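What follows is a single structure, written as C-alpha cells, with notes after it.
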Amino acid sequence: MQTAKQPIVQLEAVAKSYGAAVALAQLDLTVYAGEFFTLLGPSGSGKTTTLRLIAGFERPDKGRIMLDGQDVAALPPFARAVNTVFQDYALFPHLTLVENVAYGLRAKNMPKAEAHAEAEKALAAVQLADFAGRKPAQLSGGQRQRVALARAMVNKPRVLLLDEPLGALDLKLRHQMQTELKRLQHETGITFIYVTHDQDEALSMSDRIAVFSQGRIEQIGTAFDLYERPASVFVADFVGSSNLLGGSTLLRPEKVRLLAAGAEAPENHAAQPGVVREATYLGAVTRYQVALADGTSLNVMESNALPVGERLRLAAGDAVLAVWPRDAARKIGN
Ligand code: ADP
Ligand code: MG
C-alpha cells in the first residue's frame, strides 16, 4: 500500500434496490489509491452490485459515487478510469491472445502496430509472452484468467475491479494466481477492488477488507482488525472459526490449550474442565471439540509443532482442562 492516503473511490450513502429487493441499504466506503481492497461477504450480500455501481453498469437510487474526487453519476462505463475483470473471462474465441488484449486499444483508434506492442507488453507482464499467437481455446483456465487480466490492465486503469476472478480455478491454481495478482498489483500500483466470498483469500491478499452482510458493511479493517477485533458476531463468525462464550465473548480456537485433567492452570489463564468429544488430526494442527462442564461446546485448534513424544495425544472421551489467556477472550464490539 502506498503511503499517501489519497481517496480514489468514494461511495457516500449509496442505496440500490431491484424492485422490492434491497441490494444495498446504505453504503459508505472510501478506497485509497494503491490499495488492495476486498469486498468480502456471503452470496447475495451486495458485493457485485457495489462493483457494478463503481464501474457504471448500474445507477444508484440514492447517494454519490466519486472517482478521484469527481462525481461520476453522469459518466457511462467507458468514460470511467476503471476496468472490470469478470469470473467468466469473456474472451473473444476467434481472436488470438494479442488481438484479444489489443481489442480495447484498437476500439479507441490506437494504430495497430502500437496496440499490438502494448498488448505484447501486457501479456509479458502476466507471463504469457510466448502465447501471443494462440487462441483462447488453446489455454488452460488459469491462462485464460491471465489474458483477461492483461486485457484489463493494458488500458492502464486507475482502478481495477475484480469480481471473484479466481472462482473457476482449482485450489492450487487459485493459490498461484493469488500470488500473481498481488505481484501485478504491487508492480503496477493500480488500485484493486477485489470481490470474494472466500475469507482465506481475503485475509491473505488485502490491505483492507469490507465485510458485507445483507446489503450493508458490517466492518472495514485489516485482516488483523477483522480477526482479532471483530465488530459484530457476524464478522467473528464469518472471518475464521470462533467460539462465542455466553453469546458475545469471542474466543478463537487456536488460543485454547488442552491440559491433562487435574493440571494447574497457568497464571492469568481462565480454566474449565471438560471432556473431548471429537479429535481430528489435520497434519499441521489437530482440531478438537470439547464439552465443557458448564455445557458449552468448545472448538479447539492445537498446533502439532511440538515433537511427537511431547504432545498429549488426546482422543474422544479423555478428560481435560481447557485453558486460555484471559485477554484472549474478548467481548465482541470492544
Ligand atoms: P453478491 O455479489 O454479494 O453475491 P449481488 O450484489 O449480486 O450479491 O446481489 C445482492 C442482492 O441483489 C441479491 O439479493 C440479489 O438477488 C439481488 N440482485 C442483484 N442483481 C439483481 C438484478 N439484476 N435483479 C434483481 N435482483 C438482483
Ligand atoms: Mg457476486
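The values are calculated or read from the model by the stated rules, or taken from the named source; none is laboratory data. As the structure is a computational prediction, the values presented were derived from the model and not from experiment. Cβ coordinates were reconstructed from backbone atoms using ideal geometry, including for glycine residues, and neighbour counts include every protein chain displayed. To get the accessible areas, we keep the full protein, side chains included, count just its heavy atoms, and leave off ligands, DNA and RNA. Shrake-Rupley method; radii C 1.70, N 1.55, O 1.52, S 1.80 Å.
Region 1-65 and region 236-299 have their alpha-carbon centroids 38 Å apart.
For region 7-237, with all protein chains in place and a probe radius of 1.4 Å, 51% of the accessible heavy-atom surface sits on carbon or sulfur.
Mind pulling the angle between the C-alpha long axis of helix 97-107 and the longest principal axis of the chain? Nearest 10 degrees, somewhere in 0 to 90. So the inclination is approximately 60 degrees. Remark: region 90-226 carries 46 Å² of accessible area per residue (probe radius 1.4 Å; ligands, DNA and RNA excluded).
Across region 293-303, coupling constants 3J(HN,Hα) worked out from phi with the 6.51/-1.76/1.60 Karplus curve, θ = phi - 60°, read 4, 7, x, 5, 9, 10, 8, 10, 10, 10, 5 Hz, and Gly and Pro carry x.
Here is the result for region 49-130: no GluC sites (Glu not before Pro) lie in DSSP coil with at most 14 other C-beta atoms within 10 angstrom of their C-beta. Computed with a 1.4 Å probe over protein heavy atoms only, the accessible surface of region 251-331 comes to 58 Å² per residue. Close amide H contacts of Ser213 (hydrogens built in the peptide plane, cut-off under 5 Å, sequence separation of 5 or more or a different chain): Glu218.
Classify region 45-109 as rounded, prolate or oblate, taking a ≥ b ≥ c as the square roots of the eigenvalues of its Cα gyration tensor: rounded when a/c is under 1.5, otherwise prolate if a/b is larger than b/c and oblate if not. Oblate shape, in that a/c is at least 1.5 and b/c is the bigger or equal ratio. Grab the other residues whose beta carbon is less than 14 angstrom from that of Ala115, score K and R as +1, D and E as -1, and report the net. Charge balance near Ala115 sits at +2.
Within the shell defined by Cβ-Cβ distances under 14 Å, the residues around Asp198 carry a net charge of -3, with Lys and Arg each +1 and Asp and Glu each -1.
Here the 3J(HN,Hα) profile of region 142-153, calculated from phi with Karplus coefficients 6.51, -1.76 and 1.60 at θ = phi - 60°, is x, 5, 4, 4, 5, 4, 4, 5, 4, 5, 6, 7 Hz, Gly and Pro shown as x. Per-residue Karplus couplings for region 274-286, computed as 6.51 cos²θ - 1.76 cosθ + 1.60 with θ equal to phi - 60°, are listed in order as x, 10, 5, 9, 8, 10, 10, 7, 10, x, 5, 9, 10 Hz, Gly and Pro entered as x.
For helix 171-188, report the angle its Cα long axis makes with the longest principal axis of the Cα atoms of the chain; keep it between 0 and 90° and round to the nearest 10°. Around 60 degrees separate the two axes.
Lysine pair count for region 7-237 with Cα-Cα distance under 25 Å and sequence separation of 8 or more or different chains is 19.
Ranking of Tyr32, Tyr281, Tyr18, Tyr288 by solvent-accessible surface, largest first: Tyr281, Tyr18, Tyr32, Tyr288 (1.4 Å probe, protein heavy atoms only, all chains present).
Taking Cβ atoms as reference points and 11 Å as the exclusive limit, the residues near Glu180 contribute a net charge of +3, counting Lys and Arg as +1 and Asp and Glu as -1.
The GluC sites (Glu not before Pro) of region 239-334 that DSSP puts in a loop, and whose beta carbon has at most 10 other beta carbons within 10 Å, are Glu264, Glu267. Under 5 Å between amide hydrogens, built in the peptide plane, is the criterion, and for Leu162 it picks out Val85, Ile193, Tyr194, Val195 among residues at least 5 positions away or on other chains.
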